[in-house]
Amino acid sequence: MTFFQQLVTHTVQYGGPRRLITGLLQQDRSVPVVCLSTSCFWNTRNKNLYGCVDQEKYSSLVRSVVSSKVSSQTPTSLAEEDRKLYGPVIRSKPVAEGSVPRAPKNAAPLLNPGKVLDQTQEAALKAPLRFALQRGQGRSYIPSVTRILQQTMPLEQAFYLERWRKKMIAELGEEGFSQYTANLFKQGNVFHVALEAILKSAEVAEQEEGGVDVCGYIQSVQHVLADVGGVRAIESAVKHQSLSYVGLVDCVAEYRGKLCIIDWKTSEKPKPLLRNTFDNPLQVAAYIGAMNSDDNYGFLVENGLIVVAYKDGSPAHPHFMDPDLCLEYWNKWLFRLEEYMDRKGRKDNAG
């Protein structure tokens with residue numbers, strides 16, 4: 001029997017190359033040991049296992065595995081692979097067909113179609129209009145614009161307001177904070193009285209009663225007052241006939257030739273942007289809607305103006321609201337009014 005025949009026979013008999021070699025050495029001592037190196041037949045560490053792969057079919061796979069410089073994966077191929085595995089990418093929630101933006105339950109127009117912009121109305125007015133708020137016994141309660149906005153204040157805004165209050169109390173104490181807020185309120189009232197005198201072409205005392213000096217505020221608004229004329233109303237009450245709310249308008253006058261509801265504000269901090277005035281634009285929009293609805297006023301108002309004055313006399317910031325901006329804030333006001341009425345209804349039912 002030849003050597004290779006013995007290999008085949010003993011592979012089956014001994015069940016493996018290591019036992020095969022041992023068996024051959026035990027059976028035939030004449031076989032040279034140097035000829036029995038297993039690396040010649042069974043060592044596959046240096047053998048290329050990809051030689052039997054269908055390289056034409058799996059060429060990209062072979063290149064990506066055996067090459068360290070070339071990769072078949074590209075952003076496009078990766079995106080296609082992800083699409084097959086996970087489906088198409090949904091970048092935003094699809095808008096339901098036929099969906100419409102939410103609308104207020106009690107929708108009402110900002111402008112009154114029964115009124116027109118009458119530029120001759122100014123000449124017919126001997127003095128600015130001034131109607132008092134009709135409150136008292138025997139009258140049904142009608143909420144004010146200020147109360148509605150306070151009761152529906154956004155949580156974030158309420159949080160920062162409460163944080164400011166606690167900070168001021170920590171610095172001034174409860175009594176000191178009460179005195180501080182009372183002084184702010186008094187300054188605001190005196191400032192409005194001084195503005196009323198100016199708009200009526202009356203003289204303004206440099207120092208008002210009670211030692212409240214508003215000269216800085218007056219100096220602050222001088223450049224705005226230069227563009228104000230044609231005063232129609234001052235500190236006058238308005239009531240929306242269908243939505244049932246009231247308000248007290250600071251001033252109705254022309255600002256740079258456009259009839260506006262003007263809201264005078266004082267601030268200790270600069271407010272150069274309209275968004276810095278928080279709910280004031282909603283307040284002005286609510287006044288515009290109410291005045292256009294109120295039969296006491298025969299003219300139509302389309303614009304608003306918020307003027308922020310500063311005690312140190314630095315130039316006030318005027319924020320003009322054109323008809324489009326007024327309409328935007330009018331819609332926001334309607335939602336706040338709706339929220340207030342819903343809360344009030346739930347409270348009344350619970351009571």
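The values are calculated or read from the model by the stated rules, or taken from the named source; none is laboratory data. Computed from a predicted structure; not experimentally measured. As a convention, Cβ positions derive from the backbone with ideal geometry for all residues, glycine included, and neighbour counts pool all protein chains shown. With ligands, DNA and RNA removed, areas are computed over all heavy atoms of the protein, side chains included. Shrake-Rupley method; radii C 1.70, N 1.55, O 1.52, S 1.80 Å.
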With the requirement that a residue be open to solvent by 30 Å² or more (accessible area, probe 1.4 Å), within 30 Å of GLU254 (Cβ to Cβ) and aromatic (Phe, Trp, Tyr), what does the range 317-351 give you?
PHE320, TYR329
Consider LEU259 carefully, then state whether it is under 32 Å from the mean Cα position of the chain (by Cα) and either of a type in the set (Asp, Glu) or open to solvent by 50 Å² or more (accessible area, probe 1.4 Å) (or both).
no
Every residue from the range 272-316 that is buried (at least 20 other Cβ atoms within 10 Å of the Cβ) and on the phi > 0 side of the Ramachandran plot:
none
Considering only residues of the range 130-167 that are at pLDDT below 90, open to solvent by less than 100 Å² (accessible area, probe 1.4 Å) and hydrophobic (A, V, I, L, M, F, W, C), which is nearest to ASP294 (Cα to Cα)?
LEU133
Checking the structure you have, find out if any residue of the range 83-104 is of a type outside the set (S, T, N, Q), at pLDDT 65 or above, more than 28 Å from ASN303 (Cα to Cα) and surrounded by 10 or more Cβ atoms within 10 Å (Cβ to Cβ).
yes
Could you tell me whether the range 327-338 includes any residue that is under 21 Å from the mean Cα position of the chain (by Cα), more than 24 Å from GLN151 (Cα to Cα) and not small (Gly, Ala, Ser)?
no
Quick one: which of GLU175, GLU122 is in a helix (DSSP H, G or I), exposed (fewer than 10 other Cβ atoms within 10 Å of the Cβ) and either touching a strand residue (DSSP E or B) at 6+ places or on another chain (Cβ under 9 Å) or at pLDDT 75 or above (or both)?
GLU175
Open to solvent by 50 Å² or more (accessible area, probe 1.4 Å) and in contact with a strand residue (DSSP E or B) (Cβ under 6 Å, 6 or more places away or on another chain), is that true of LYS269?
no
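Return the residues of the range 178-203 that are of a type in the set (Asp, Glu) and open to solvent by 80 Å² or more (accessible area, probe 1.4 Å); say none if nothing qualifies.
Of the residues in the range 178-203, the ones of a type in the set (Asp, Glu) are 196, 203.
Selection gives GLU203 alone.
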